[in-house]
Every structure is written in C-alpha cells, then in structure tokens.
Amino acid sequence: MTGDQPGSPQTRPGLVRTLLDRFGHLVRELSKFATVGGIAFLIDFALFNYLTTVRDVEQVTAKTISTVIAASVAFVGNRFWTWRHRKRSNPAREYALFFFFNAVGLGIAVACLAFSRYGLGSIWPGVFQTPLADNIASFIVGTGLGTLFRFWSYRRFVFVEAGNPPVPEAAHDRPPGA
C-alpha cells in the first residue's frame, strides 16, 4: 500500500514526511542550538582550565571570565545562526535577556545539585553526597533541564518571531448600518 489512494492508511514514509514537515524547523533549530551550546561549553571549559592552570587566575574569577566569554559566543551563534530567520530587535535588549535566561538556567542546575546533595543527601548521604551524584545532578539533570529552559526562553522571549502579517479587512456583503 502506498497511501496514495483516498481512504488508504498512511505509510511510514508519509508519516515521517508529515512529522518532518510539521516539526522539521524545530528539529533544525534544536540541532543548531545544541551545536552552538556545545561550542560554548568547550570554550568555557578550555578557557577556565587555561586561566586556572596556565595563567594562575583564581577559580571564581576564571569561571566568571570563561562563562561571560562563552555566553557571548553562544549569543552570537544563536542570534546569527540558530535564529537568524527571526526578526532582530534591540541588540542590547536581546543580550540582556539572553544573560538573564542564562542565569535562570544556571539556577536550575544549582537547584538540582542542591536538591540532590542536601535534600536527598540528608536521607541517603552515602548515595547522594558523592562526587558521582553531584556530577549527575549538576551536569546531567541540571544542565539538561536548564538547556530545555534556555531553548524555550530564547525562542520565546529573546529571538522572537516576526509576528503574523496583518489580515486584510473582510469585505462585507451588506453596506454598513443595514
């Protein structure tokens, strides 16, 4: 069955094609977002380690510098690649919102770590107060949830849609007041 006849069941390629037609733009955006985020993560990681080991910069200062630079690279990548098809608003507004939502995403990761370490860790310290549990809570669960939040918030509030075109006024069959 090809699914071409009326009333015949849809074939898998037709279903896949329909899903790609409907959600393909979202998959492309998510792929680009993940690529930009991966590059920003590598920059953050490499720069932090370079500053702390080679340049002997204090850890919190090094993390602040590496995070700001990596987030700036992520902003440029998302603005001019991931969501280049979206209208541009005030760049300062976009940048400020981008950093605000980055901070919220960081808060999500920290909250996951705190919940694991101090909440669940008070019940099962041998399980949840370990380096492995900290890494899972922070980098897997926290970063995963934070990344989903960032994708949604950047897409919804930072790099906004161009909007709907105005709809022309409908022609009336009757004259006004009739």
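The values are calculated or read from the model by the stated rules, or taken from the named source; none is laboratory data. Quick caveat: nothing in here was measured; it's all calculated off a predicted structure. Positions of Cβ are generated from backbone atoms using ideal geometry, with glycine treated the same way; all protein chains shown enter the neighbour counts. Remember, those area values only see protein heavy atoms, side chains included, never the ligands or the DNA or RNA. Shrake-Rupley method; radii C 1.70, N 1.55, O 1.52, S 1.80 Å.
Just a few scattered comments:
- Among the residues of region 108-129, those identified as open to solvent by less than 40 Å² (accessible area, probe 1.4 Å) and either under 9 Å from residue 142 (Cα atoms) or in contact with a strand residue (DSSP E or B) (Cβ under 8 Å, 6 or more places away or on another chain) (or both) are 109, 112.
- Beta carbons closer than 6 Å, at least 6 apart along the sequence or on distinct chains, pair a first residue in region 29-45 that is in a helix (DSSP H, G or I) with a second that is aromatic (Phe, Trp, Tyr) and open to solvent by 70 Å² or more (accessible area, probe 1.4 Å) for 32/81.
- Filter result for residue 67 (under 26 Å from residue 29 (Cβ atoms), open to solvent by 50 Å² or more (accessible area, probe 1.4 Å), modelled with pLDDT under 90 and in a helix (DSSP H, G or I)): yes
- Within this structure, residue 92 passes the test of being part of a helix (DSSP H, G or I), loosely packed, with under 11 Cβ neighbours inside 10 Å and either without any contact (Cβ under 8 Å) to a residue 40 or more places away in the chain or in contact with a Gly (Cβ under 8 Å, 6 or more places away or on another chain) (or both).
- Boolean, residue 113 is among the hydrophobic types (A, V, I, L, M, F, W, C), part of a helix (DSSP H, G or I), free of Cβ contacts under 8 Å to residues at least 40 places away in the same chain and closer than 22 Å to residue 38 by Cα: yes
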